[in-house]
1. Taking Cα atoms of the range 15-164, Rg/Rh with Kirkwood Rh, to two decimals?
2. Quick check: the angle from helix 135-146's long axis to the longest principal axis of the chain, C-alpha only, nearest 10 degrees?
3. Quickly estimate the mean residue ellipticity at 222 nm for the chain, helices only: each DSSP H run with n ≥ 4 gives -39500 (n - 2.57), and the total goes over all residues, rounded to 500.
4. Would you mind telling me the antiparallel percentage of the DSSP bridges in the chain, rounded to 5?
5. Normalised by the residues of the range 225-269, what does the relative contact order come to in percent, with Cα pairs under 8 Å and at least six apart?
6. Let me see the pair-distance distribution of the range 95-246: every alpha carbon pair, 5 Å bin width, integer percents in order.
7. Could you list the residues of the range 187-202 with an amide nitrogen less than 12 Å from a label point located 7 Å from the Cα of residue 28 in the Cα-to-C-beta direction?
8. Taking the Kirkwood radius as the inverse of the mean 1/r across Cα pairs, report the Rg/Rh of the chain.
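No lab work stands behind these numbers, since they all come straight from the coordinates. Source: prediction; values computed, not measured. Positions of Cβ are backbone-derived with ideal geometry, glycine not excepted, and every protein chain shown enters the neighbour counts.
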Amino acid sequence: MITIRGLRKAYGDHAVLDGLDLDVAQGEVVALLGPNGAGKTTTVRILSTLLAPDEGTVTVAGHDVVREPARVRAAISLTGQFAAVDSLLTGEENLHLMARLAHLSRAERRTRPAALLELFDLTDAARRPVKTYSGGMRRRLDLAVSLLSRPQVLVLDEPTTGLDPRSRNALWAVIEDAVAAGTTVLLTTQYLEEADRLADRVAVVDHGRVIASGTADELKRQVGAAQVELTTPTGVERVETDGSVPDVRRILADVERRGLVVERWQVRTPTLDDVFLTLTGQPADAVPDAAPTRTLQETR
Ligand SMILES: Nc1ncnc2c1ncn2[C@@H]1O[C@H](COP(=O)(O)OP(=O)(O)O)[C@@H](O)[C@H]1O
Ligand SMILES: [Mg+2]
């Protein structure tokens with residue numbers, strides 16, 4: 001459903017995308033996981049025809065983004081990183097307007113706006129102009145708008161950055177719902193937990209290229225085994241484990257035999273943060289972008 005080959009984009013002599021490749025099959029959920037400045041938004045903007053690539057090919061639903069932009073736009077629904085709703089209209093008006101523009105059926109135009117307002121906890125604010133909304137409320141409305149139609153391809157650029165936990169759960173539920181209905185999803189995220197939770201496959205992006213890809217489990221396996229972590233009065237001791245009950249029992253029995261005083265213990269499986277550290281030698285910088293006006297972000 002999405003094919004990206006050798007994608008390059010530079011600003012001056014700064015190569016933002018440096019030969020990025022990606023495939024997303026129909027019905028798949030793929031997460032582009034990377035720190036601030038990795039090139040996620042640039043990829044998404046090219047994919048949704050908002051920005052022209054320098055080199056490489058990108059097709060969406062079989063259509064080339066450069067040669068057939070209108071067809072690409074018909075297949076895609078994009079939620080940008082920053083809210084894009086009309087602030088003079090009310091939340092409800094924004095949804096009704098977009099429902100008409102998206103050619104929803106009459107029945108859906110009646111039911112879907114209200115359902116999405118409810119889902120994103122905006123029912124009470126539905127009749128207020130958006131200019132009175134908080135940043136989080138605008139973000140939720142923006143998501144509601146992009147989820148109105150049931151697009152073939154849903155592209156979400158850092159969808160949960162700045163959302164409270166309740167709205168994040170609501171969003172995850174809507175995404176899962178869209179996927180169950182056959183929608184293909186590409187999302188970008190700095191949240192390792194989010195990639196793990198939602199994506200069938202994770203592509204780790206750094207400096208404009210995919211440096212690793214696979215299921216969250218495959219990536220975790222690259223980093224190495226799980227460990228039993230024992231906190232003793234003198235420090236932390238780690239013992240590798242396959243995570244099975246007999247193996248953990250064996251390790252704990254050994255601890256008792258040695259008479260080790262253990263204050264706390266846990267089985268620690270690698271996180272995607274560990275994956276990033278292993279792949280790049282640097283931790284994933286997970287500081288979210290908060291300022292809606294900031295369009296140029298500095299690389300680490
Ligand atoms: N219009 C632009 N002009 C100059 N540099 C840009 C522009 N847009 C993005 N960049 C730079 O490209 C890099 C990647 O940006 P972006 O794709 O937004 O990364 P991400 O979404 O992963 O945080 C950053 O270093 C950013 O500063
Ligand atoms: Mg971005």
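1. My calculation of the ratio gives 0.99.
2. 70 degrees
3. -10500 deg cm²/dmol
4. 65 percent
5. Reported as a whole number, the value is 54 percent.
6. P(r) for the range 95-246, in whole percents per bin: 2, 8, 14, 16, 15, 12, 10, 8, 6, 4, 3, 2, 1, 0.
7. Once the point is set 7 Å along Cα→Cβ of residue 28, 200-202 turn out to lie under 12 Å by backbone N, inside the range 187-202.
8. 1.05
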